[in-house]
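Since the structure comes first, as structure tokens, the remarks are kept for the end.
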Amino acid sequence: MGKLSRRELLFGRLRAGVSRAVPSASTPPPPDDGPKVAVIQGRHCLTYRELMCSTCYERCPEKGAIVIEQGIPQVVSDLCTGCGDCHDVCPAPTNAILMLAPRPTINEGKP
Amino acid sequence: MELERRDFMKLAAMTAATGLAGSMASRGSTALASSQPPLPDRPDIPGVTWEKAPCRFCGTGCHVQVGVQDDKVVAIAGDRQADVNKGLLCVKGYHVGMILYGQDRLTKPMARRDGELVEIEWDEAIDIAAKRIMASDKKFGFYISGQSTVPEGYAAQKLMKGGLSNNHIEANARLCMASAVTGFLSTYGVDEPASCYDDLDHCDTLILWGNNPAEMHPILFSRVMDRQARGEKVTVIDIGSRHTRTTERADHFLPMKAHGDLAIANCIAQQLIEQDAYDHDFVEKHCNFRADRDPSAKFDSLIDHDTYVAYVKEEGATGLFGQAISFEQYKKLVSYYTPEKTQELSGVPAEQLRMLASVFADKSQKIVSLWCMGMNQHTAGTAVNNLVHNVHLMSGHWGKPGDGPQSLTGQPAACGTVREVGTLAHALPGGRIVAKEAHREQAEGFWNVPKGRVNPKPGYHTVKMFEQLCTPTDQGGDIDTIWVQVTNPGQTLPNTKKLFKAKADLKDKFLIVSEVYPTATTELADLVLPAAMWVEKNGVYGNSERRTQQWFKMVTPPGEARDDCWQTLAVARRLYELGHPGLKDKDGEYLFSIKDDDGNEVPYWEWEHYYDINVDKDLFDEYRQFTFLKHKNVAPYDELVKHRGMRWPVIETEPGTFKETRWRFVEGADVYVEKGAGIQFYHSVTKDNKAQVWFRPHQWPAEVPDDTLSLNLVTGRVIEHWHSGTMTMRVPQLRRAMPSAYVEMNPDDARDRGISNGDIVRVTTRRGELELPAWINGRAKPLRGNVFVPFFDEAAPINDLTLDAVDPFSKQPDYKKCAVEVTRLDQPSPYSLEDAN
């Protein structure tokens, strides 16, 4: 029996099955130069304009890594694995999700 | 400078985002707005020129500003001067410019030769179409769309009914709005909502009848969410069979079984009467009572619900307009729908039903009801539309700003082109019908054609037309050619294997398709005509609130793609040249003749001359004469050019000054209401200025789950995609966000079947099977016993599985109810199980 991982669900495997010659929808993944964490930029996110959108939350493969509070998605950095799925699916005119290096903690001192 | 596609996307994204920022300041209270610096109406980008256009997608009718550079759309911004959206756009709207630039645009006419589509020249293509129609002008069907522009619809309508004396013209709005039309007609005597979107800014309670505006009409829903965010109290009551993004924002969710809406609306009336909380004054002044049959013709005393149902079952209904009944009889019939009985029929707890009734009983509240496909795609669609009008009429929640029923459309010109121009098998422009002699004569007069040219017999409705196409000629299939424009029936008709795909085996049948991209429909086409789309052509749309919206051509269509309207008119001209008598008016002149200022005929049917004049303006202003009879006066074309749409009836208050109408039938807002009348339904069915309150009993869906197929299948849209995805699947952001269809299940139903999230499962109905991934606890959660599948994905054609049963009056199919089973792939299909038993 076919089984898709959550990450593949509605996103990976099935896309290949669509036959029509349509421009490829994939964006290059963020360059792999160390751990990343997702950051949602409010100025680009649709939910900051009273529009309902929860695509990133719906597709996040890590339970609890994106939560919705009062209609607005927020990343819980400690749980985010940096997979970049949310970046890939964000439908905002300007992609609202940045994949950044995790912020160093204060104790680590100056970079 | 040639813009690279990459640059285009960057620019589109950038400017769209500017539009977003602009919307922030323009929305909300004046206090909020004034705290921020004023923003320009549209982004200032060197080299980019801007023009207005309504959005290409849904029936909301938002306006966008389209930025053009070097003959390409390079930017989209929300139009801050538009009343509908005030600068805001939804996720589809921000990307609307990119629908023009998918890589597989159709750019050359193609004809099927030996099974393959081969490129041909336009002249030959027009010739093939015209000769085919010439040879079988009575077996020809024209199937257009709620996305066709008003002039496109009018040209097709005039060609068919005024030229070919053929009433087989339909539009895909039959699948979408027909039950709303029959609802308005039978309740008020005239089509289209009396209310408008302004009501959303004034209502205290918003009631959603099987409606998910957060995904389907996001801009309208955001008007209400915006008020809540500013601290205003707006109670949202969601009645539905699926827990959606809308439900997340609702104060109350009433979980409803399929067809529960019929019982719920009756229950509100029962409660209003039982508690004597109905509006005596409103009902006395403005309402009559009506039903399929008047029992007093047969019975001496008032009869009860079950006797009535049996009586109508035996004698049959009397037609769309039914018969008058007394208030006492209505009261007796509706008394059946107690909250307890209704709980049994609808699944909604009696306590919630009493709460809902108490909202209507409260005169101090202003209530808006919204609905769309949930009530229209319904085998009792006309009935449920009547019933929702009923509760507003009975309770007097009607005709004040923020207080009234508002039906929504799903397509940008379902109202403008289909309902107003009447591109349906029984209709003529401006609310006329072919069955009425006076109406035919008026049309013949406007078209200057001989008396008797318009055929009095309605043509085939959509389902019947395609059924006749797919039935072999020797078995009575008397439609042999269909021309499809601006829609994709191969994916969107119900039961597509029967109603569309069966055509593949019938070699003598012929399908002409005007399209912009390859679709499930072009796959079976014998002739493909590449079409211009949206701002590649002039156009006029009409949205859900009677707003007529005009735009100009801004960019050149790709390759040899040409306007749909030109295609129709070029074929019409070729028919004239071939000697078809219908293409001459009664003076022997060409039916579609357009003269320039010097009185010379303009050869606009030659593509190079099509834009020598504004053909849209000519057709629209001709059509405009039709609109006065039913007081649907549209504004002159030149007036529409100046506005972001105008809501009809548009009144010329003094020469050259035009004023729109926000609320119909309401004194002070609608000039046709007599002084002192307050509210006047001046197109009343009963000719006494009153609306009809209908008794419509509960009935079960055409196909209900059973032991073999134990679930109910609901289909619909998702926020990212519009209809069959022809446009939105070509927009990378939207396609990426939602690349393929799925079956959404209730977690309990999934658990019972051993299905977990992401499993590929088999979805089976009596008409076929489809494999889809299961999505559980995702975006939405259907109530137990229901599954949901979106229809945008052509790789997962769910309409192969849907049912083609229709409403008896509106002939609209029901895409929300049919029996289905979902099984794991390692389990036998439900039918093999049945065989084993």
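The values are calculated or read from the model by the stated rules, or taken from the named source; none is laboratory data. Fair warning: this is a prediction, and the values are worked out from it, not measured in the lab. Because the Cβ atoms are built from the backbone with ideal geometry, glycine has one as well, and the counts that use them run over all protein chains shown.
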- Members of region A:63-73 that are crowded, with 18+ Cβ neighbours inside 10 Å and not hydrophobic (A, V, I, L, M, F, W, C): A:GLY71, A:PRO73
- Residues being in a helix (DSSP H, G or I), surrounded by fewer than 20 Cβ atoms within 10 Å (Cβ to Cβ) and either basic (Lys, Arg) or touching a residue at least 12 places away in the same chain (Cβ under 8 Å) (or both) - total across region B:249-282: 3
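Taking B:ASP804, is it buried (at least 24 other Cβ atoms within 10 Å of the Cβ) and in a loop (DSSP other than H, G, I, E, B)? Full working, then the answer.
Details: buried (at least 24 other Cβ atoms within 10 Å of the Cβ): no; in a loop (DSSP other than H, G, I, E, B): yes.
For B:ASP804, the condition - buried (at least 24 other Cβ atoms within 10 Å of the Cβ) and in a loop (DSSP other than H, G, I, E, B) - is not met.
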- Query: Which one of the conditions (1) among the aromatic types (Phe, Trp, Tyr); (2) at positive phi; (3) surrounded by fewer than 24 Cβ atoms within 10 Å (Cβ to Cβ) does B:TYR517 fail to meet, given that it meets all the rest?
  - Reply: (2)
- Total residues in region B:321-335, condition buried (at least 20 other Cβ atoms within 10 Å of the Cβ) and either assigned to a strand (DSSP E or B) or of a type in the set (A, V, I, L, M) (or both): 3
- Message: If a residue must be away from chain A (no Cβ under 14 Å), surrounded by fewer than 23 Cβ atoms within 10 Å (Cβ to Cβ) and of a type outside the set (Phe, Trp, Tyr), how many such residues does region B:783-800 contain?
- Response: 4
- Task: Search region B:46-60 for residues that are on the phi > 0 side of the Ramachandran plot and pair each with any residue that is surrounded by fewer than 24 Cβ atoms within 10 Å (Cβ to Cβ) when their beta-carbon atoms are under 7 Å apart and the residues are at least 6 apart or on different chains.
- Result: B:GLY47/B:GLN69
- Note: among B:ALA291, B:ALA250, just one is closer than 18 Å to B:TRP694 by Cα and either under 28 Å from the mean Cα position of the chain (by Cα) or in the same structural domain as B:LEU320 (by TED's automatic domain parsing) (or both), namely B:ALA291
- Can you list the helices (runs of 4 or more DSSP H) found entirely within region B:432-546 that contain at least 1 residues being acidic (Asp, Glu) and at pLDDT 95 or above? B:437-447, B:462-469
- For region B:210-234, how many residues meet the condition of being in contact with a Leu (Cβ under 7 Å, 6 or more places away or on another chain) and either over 18 Å from A:TYR48 (Cβ atoms) or among the hydroxyl-bearing types (Ser, Thr, Tyr) (or both)? 6
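Pick from A:THR105, A:THR27: which is within 9 Å of another protein chain (Cβ to nearest Cβ) and either out of contact with any strand residue (DSSP E or B) (no Cβ under 8 Å at 6 or more places or on another chain) or at pLDDT 55 or above (or both)?
Values: A:THR105 fails: within 9 Å of another protein chain (Cβ to nearest Cβ).
Step by step, each of A:THR105, A:THR27 is checked, and only A:THR27 is within 9 Å of another protein chain (Cβ to nearest Cβ) and either out of contact with any strand residue (DSSP E or B) (no Cβ under 8 Å at 6 or more places or on another chain) or at pLDDT 55 or above (or both).
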- Item | Leading residue by the ranking (farthest from B:HIS721 (Cα to Cα)) among those in region B:812-837 that are basic (Lys, Arg) and buried (at least 23 other Cβ atoms within 10 Å of the Cβ) | B:LYS817
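Where residues in region B:231-248 are aliphatic (A, V, I, L, M) and under 11 Å from B:GLY210 (Cα atoms), which of them is surrounded by the most Cβ atoms within 10 Å (Cβ to Cβ)? Even if it seems obvious, please write down each step before you answer.
First pass over region B:231-248, keeping only residues aliphatic (A, V, I, L, M): B:234, B:236-237, B:239.
Filter once more, keeping what is under 11 Å from B:GLY210 (Cα atoms): B:237, B:239.
Numbers: B:ILE237: 20, B:ILE239: 26.
For region B:231-248, the residue satisfying everything is B:ILE239.
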- Query: In region B:201-223, what residues are within 26 Å of B:LYS363 (Cβ to Cβ), touching a helix residue (DSSP H, G or I) at 6+ places or on another chain (Cβ under 6 Å) and either among the charged types (D, E, K, R) or surrounded by fewer than 22 Cβ atoms within 10 Å (Cβ to Cβ) (or both)?
  - Reply: B:ARG223
- Just one of the numbered conditions (1) in contact with a Ser or Thr (Cβ under 7 Å, 6 or more places away or on another chain); (2) charged (D, E, K, R); (3) in contact (Cβ under 8 Å) with a residue 60 or more places away in the chain is not true of B:ARG664; which one? (1)
- Given B:LEU159, B:LEU164, which one is assigned by TED's automatic domain parsing to the domain that holds B:ASP587, out of contact with any Asp or Glu (no Cβ under 7 Å at 6 or more places or on another chain) and not basic (Lys, Arg)? B:LEU159
- Task: Report yes if B:MET177 is modelled with pLDDT under 95, surrounded by 24 or more Cβ atoms within 10 Å (Cβ to Cβ) and not hydroxyl-bearing (Ser, Thr, Tyr), otherwise no.
- Result: yes
- Query: Which one of these does B:GLN680 not meet: (1) more than 14 Å from chain A (Cβ to nearest Cβ); (2) touching a residue at least 12 places away in the same chain (Cβ under 8 Å); (3) in contact with a helix residue (DSSP H, G or I) (Cβ under 9 Å, 6 or more places away or on another chain); (4) within 29 Å of B:LYS257 (Cβ to Cβ)?
  - Reply: (4)
- Taking the stated definitions as given, is B:LEU734 buried (at least 22 other Cβ atoms within 10 Å of the Cβ) and within 30 Å of B:VAL535 (Cα to Cα)? yes
- Item | Residue count, region B:691-742 (criterion: acidic (Asp, Glu) and within 14 Å of another protein chain (Cβ to nearest Cβ)) | 1
- So which residues in region B:605-663 are in contact with a strand residue (DSSP E or B) (Cβ under 9 Å, 6 or more places away or on another chain), part of a helix (DSSP H, G or I) and among the β-branched types (Val, Ile, Thr), if there are any at all? B:VAL641
- Item | Filtered residues of region B:763-775 (kept if more than 10 Å from every other protein chain (Cβ to nearest Cβ) and either within 19 Å of A:THR55 (Cβ to Cβ) or part of a strand (DSSP E or B) (or both)) | B:VAL763, B:THR764, B:THR765, B:GLY768, B:GLU769, B:LEU770
- Note on the structure: Matching residues in region B:372-419 (over 23 Å from B:PRO218 (Cα atoms) and acidic (Asp, Glu)) number 0
- Task: Report, by residue number, each residue of region B:336-358 that is within 32 Å of the chain's Cα centre (by Cα) and not in a helix (DSSP H, G or I).
- Result: B:TYR337, B:GLY347, B:VAL348, B:PRO349
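Here's the yes/no breakdown for (1) surrounded by 23 or more Cβ atoms within 10 Å (Cβ to Cβ); (2) more than 25 Å from the chain's Cα centre (by Cα); (3) in the same structural domain as B:GLY582 (by TED's automatic domain parsing):
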{"residue": "B:THR379", "(1), (2), (3)": "yes, no, no"}
{"residue": "B:VAL384", "(1), (2), (3)": "yes, no, no"}
{"residue": "B:ALA427", "(1), (2), (3)": "yes, no, yes"}
{"residue": "B:ALA438", "(1), (2), (3)": "no, yes, yes"}
{"residue": "B:PRO450", "(1), (2), (3)": "no, yes, yes"}
{"residue": "B:ARG453", "(1), (2), (3)": "no, yes, yes"}
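Matching residues to (1) modelled with pLDDT under 95; (2) among the aliphatic types (A, V, I, L, M):
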residue: B:THR765; (1), (2): no, no
residue: B:LEU772; (1), (2): no, yes
residue: B:ASN777; (1), (2): yes, no
residue: B:LEU783; (1), (2): no, yes
residue: B:THR802; (1), (2): no, no
residue: B:SER810; (1), (2): no, no
residue: B:CYS818; (1), (2): no, no
residue: B:ARG824; (1), (2): no, no
- Of all residues in region B:226-248, how many are assigned to a loop (DSSP other than H, G, I, E, B) and free of Cβ contacts under 8 Å to residues at least 60 places away in the same chain? 4
